[in-house]
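Bear in mind these aren't lab numbers, they're just calculated from the coordinates by the rules spelled out. Every value quoted in this text rests on a predicted model; they were computed, and no experiment measured them. Don't worry about glycine lacking a Cβ; one is built from the backbone with ideal geometry, like all the others, and counts go over all protein chains shown.
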């Protein structure tokens, strides 16, 4: 989708979007992108304005007269006040889970896999560590059997690809079919009525008079997919960031007490999701531009996370950065419900990397998926030459 200022599918942007984001912030921080038929917002303060003003910028397209199919009604597509009941139910369920145990499991599983590769030939960190760790962690969180990896990864990839449907319409049908297959799996989990995990909590505590069953099932589908994809992608991006900044890798190994702040910084520095969209429900002004009811606003999380007006030396990886109000998990009423689980599990993964007897070394050129919405690695070849 060509545009002289911002083409999210250009080779330049896909390889390294941050110089592009810098130009946007400096020259056109709020501008109308004719090809996308959307306003593009790139500065931190403007992004926060959109994310916090749900009365003006909606995640629920019904508020401007659009229809949403029942299969899409979830915590992600609802706005307050309608969203509050499902959000409270889900958050209460998260609080009942032993997230620290999941973090320990992520560390142990990642460490065990990495140790098997010590002294062996090159291996792909994404396929052999990040993917199984993330799928195991989100399955344990929900209290369900781990799906067949190959089948689920194919479903997940189709869903993530379809997040670019507005830019590449040809990916839409495969994404829709993948969501149907995942919904069928989630329905099976609910029918099994697990006694533990987040699904077990939702089965026991959902009030049918307050929260419709389809909204709970759809929300669970969204959480499972987003939880897996965000964690697996964040793990790959974090590993590459540390490998490209070896002084940070050594510092974290020597100062493991920095792990929590390091995880937030890694999410800020190169987080998975590049942005999200909202629709304007009433004429308003943002960054000196008039935005009309019905117009779409694209909020660039990743650009906001590199805004020098908010973050000192934003292009540097500063593992002890504090405070760090990044938008790696969004903000406002649609902030990621699983952010705490993601951070704890990601911390376990990173700890496994920095606690090895030898540091990992790149064994080839990393390969990225050609995706605009989610910045992720397809492969990350490493060696552990111990």
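For this structure, a couple of remarks:
- Between the range 112-169 and the range 58-75, the alpha-carbon centres lie 29 Å apart.
- Shape class of the range 164-208 from the alpha-carbon gyration tensor: prolate, with a/c at 1.5 or above and a/b greater than b/c.
- When the Cα gyration tensor is reduced to axis lengths a ≥ b ≥ c, the ratio a/c is 1.5 or higher for the range 11-383, and with a/b not above b/c it is classed as oblate.
- Given R0 = 25 Å, the distance between the Cβ atoms of residue 23 and residue 316 translates into a calculated FRET efficiency of 0.85.
- Between residue 52 and residue 183, the contour length at 0.36 nm per residue exceeds the alpha carbon distance by 44.1 nm.
- Label zone at residue 173, where the point sits 7 Å out along the Cα-to-Cβ direction: the range 70-92 residues whose backbone N lies under 11 Å: none
- Chain lengthening between residue 309 and residue 150 when straightened (0.36 nm per residue, less Cα-Cα): 52.9 nm
- The helix-based estimate of mean residue ellipticity at 222 nm for the chain, built from -39,500 (n - 2.57) per DSSP H run of four or more residues and divided by its residue count, is -15000 deg cm²/dmol to the nearest 500.
- Label-to-label distance for residue 253 and residue 72 is 4.8 nm, based on points extended 7 Å past Cα in the beta-carbon direction.
- Peptide packing: for 364-372, 276-284, the average count of neighbouring Cβ atoms within 10 Å per residue gives the ranking 276-284, 364-372, highest mean first.
- Per-peptide average of other Cβ atoms within 10 Å, ordering 182-189, 11-18 highest first: 182-189, 11-18
- Multiplying the residue separation of residue 4 and residue 204 by 0.36 nm and removing their Cα-Cα distance gives an extension gain of 66.7 nm.
- Look at 349, 224 and count the other Cβ atoms within 10 Å of each Cβ; fewest to most, that gives 224, 349.
- Label-point separation, residue 82 to residue 192 (7 Å along Cα→Cβ), nm: 3.2 nm
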